[in-house]
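Below: the structure, in structure tokens.
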Amino acid sequence: MQDGKINLRSLLPEELAAVLKDMGQPAFRAKQLFEWASRGAESWEEMTNIPKQLRAQLAEKFSLGAPAALRKQVSAGDGTVKYLWRLRDGNAVETVVMRYHYGNSVCISTQVGCRQGCAFCASTIGGLVRSLEPGEMLEEVMFSEKESGLKIGHIVLMGIGEPLDNFDNVVKFLRLVNHPQGMNIGMRHISLSTCGLTERFEELARLNLQLTLSVSLHAPDDETRSRLMPANRGRGVAQLMDACEAYFRRTGRRISFEYAMIDGVNDSPEQAALLARHARRVSAHVNLIPLNHVDERSFAPTPPERISAFRKALEREGVNVTVRRSLGGDIDASCGQLRKKTADALRAGTERE
Ligand code: SAH
């Protein structure tokens, strides 16, 4: 909501139909309007098949904006594109477009900042500012595609923020982006990543969305996990595994465990053995990620040869495991770093004035 207006791109066709019906308009107008919104129209004037007077009436109720690219960085190595988008209220979020052999994937933010406090993550340093609206998440996908000219086929909710801490808006966004009259991106091409807000798992499973749930595990034991991830305190690994098992049983969808390898913290043979036990129990796929360096954090990544040994230990236990290729290393492509650095630079700039 901005100036008392609702973001047009936050509404599903059936909601637009209800609004238009109240305005005495025929039902087909909702489809036209939804298509314009989903195609990234940036002004009401573009909507040439909608009568001018109706456009003027709609403009009083709804906002039709586009985020402005505050910064754009393109990786020289792998073509990864990173945007820092300025939202209508002046806040900023990051979106990253990654190029893979199977197509282009976009990593979107779900909140401005984050309140989860993970010890290795840059996104959480300033806490949570606010949650994103459904239309704002849609705009990240839409305008990254439009601006980069790269057709988006996959979405990962792995940018700034905790998707399950913005549950209703995230679910609405998923319905918007998946809609056949809209961007029409298949749920099976979408991954939602969570630090493990287990109280939301059942609700998500009940929606039966066919997306991939990624759980940021990062440690198999409570002592290490609670140290790294405050979300583990008061929940615990046992509760998380129960929730994962129930989710898998209910949806039949394999969960992914994200595991950022941190030197001397979560990479011991004992931790590999315990991780293997958890993964086997819930049939999870394990994704090992070399920790990305964050200036404000003291953790170091596990060296490649020990990542490899850790991987082999998991494989010996029959666990399905991949080591994530790191993209965009030259452009601060990992979570929260660009927003943070720009905020620091802007602050430094202001202080100099
Ligand atoms: N809040 C959600 C999604 C955003 S974070 C979640 O926790 O899953 C996306 C992924 O990046 C998570 O797995 C997160 O733990 C991981 N991550 C954060 N900082 C990282 C870093 N410095 N190096 C590697 N992975 C990191």
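Taken together, the values in this text are just the output of simple stated rules run on the coordinates, not laboratory data. Model, not experiment: these values are computed from the prediction. In this analysis, Cβ positions are derived from the backbone assuming ideal geometry, glycine residues included, and neighbour counts consider all displayed protein chains.
Given bins 5 angstrom wide, list per bin the percent of all Cα-Cα distances in the range 193-313, short to long.
In order of increasing distance, the bins hold 2, 11, 22, 24, 19, 12, 7, 3, 0 percent.
Between the DSSP loop rule and a limit of at most 14 other Cβ atoms within 10 Å, which trypsin sites (Lys or Arg not before Pro) in the range 137-216 are left?
Working: sites: 146, 151, 172, 175, 188, 200, 206; in loops: 151.
Counting only loop positions with at most 14 other Cβ atoms within 10 Å, the trypsin sites (Lys or Arg not before Pro) in the range 137-216 are 151.
Give me the angle, in degrees from 0 to 90, between the Cα long axis of helix 269-281 and the longest principal axis of the Cα atoms of the chain, rounded to the nearest 10.
Its long axis makes an angle of about 50 degrees.
Using the Kirkwood radius over Cα pairs, work out the Stokes-Einstein diffusion coefficient for the range 42-179 at 25 °C and 0.890 mPa s, in µm²/s as a whole number. Could you put the intermediate results ahead of the total?
Numbers: Rh = 16.1 Å.
Estimated diffusion coefficient is 152 µm²/s.
Starting from the 7 Å offset along Cα-to-Cβ, what nm value, one decimal, do you get for the label separation of residue 297 and residue 151?
With each label placed 7 Å out from Cα toward Cβ, I get 3.6 nm.
Provide the FRET efficiency to the nearest 0.05 for the residue 31-residue 308 pair, computing r from the beta carbons and using R0 = 35 Å. Can you show the working numbers first?
Values: r = 53 Å, r/R0 = 1.51.
So, using R0 = 35 Å, E works out to roughly 0.10.
Subtracting the Cα-Cα distance from 0.36 nm times the residue separation, let me have the gained length for residue 50 to residue 250 in nm, one decimal. Each step should come with its number before you reach the end.
Numbers: separation 200, 0.36 × 200 = 72.00 nm, distance 4.43 nm.
Result for the pair: 67.6 nm of gain on full extension.
Averaged over every viewing direction, what's the projected area of the C-alpha convex hull for the range 30-99? Give it in nm², one decimal, please.
Numbers: hull surface 24.6 nm².
Mean projected area of the Cα convex hull: 6.1 nm².
Which angle from 0 to 90°, rounded to the nearest 10, does the C-alpha axis of helix 337-352 make with the longest principal axis of the chain?
Orientation of helix 337-352: about 70 degrees from the principal axis.
Any of 61/146; 61/151; 61/82; 52/172; 5/82; 5/31 with alpha carbons more than 23 Å apart? Name them for me. Walk me through the numbers before you get to the answer.
Working: 61/146 26 Å; 61/151 31 Å; 61/82 32 Å; 52/172 29 Å; 5/82 29 Å; 5/31 20 Å.
Correct reply: 61/146; 61/151; 61/82; 52/172; 5/82.
Provide the descending list of Cα extents for the range 6-63 along its principal axes, expressed in whole angstroms.
Ordered largest first, the range 6-63 gives principal extents of 24, 22, 19 Å.
May I ask for the angle, rounded to the nearest 10°, between helix 304-316 and the longest principal axis of the chain, with both axes built from Cα atoms and the value confined to 0 to 90°?
80
Mean residue ellipticity at 222 nm from the helices of the chain, using -39,500 (n - 2.57) per DSSP H segment of n ≥ 4 over the full residue count, to the nearest 500 deg cm²/dmol?
On the way: 11 runs with 129 residues, N = 353.
Counting only the DSSP helices, I get -11500 deg cm²/dmol.
Using all Cα-Cα distances in the range 68-349, what percent lands in each 10 angstrom bin from 0 up to the longest?
7, 30, 38, 22, 4, 0
Along the Cα-to-C-beta direction of residue 86, a point sits 7 Å from the Cα; which residues of the range 110-141 have their amide N less than 17 Å from that point?
Hits in the range 110-141 for residue 86 at 17 Å: 140.
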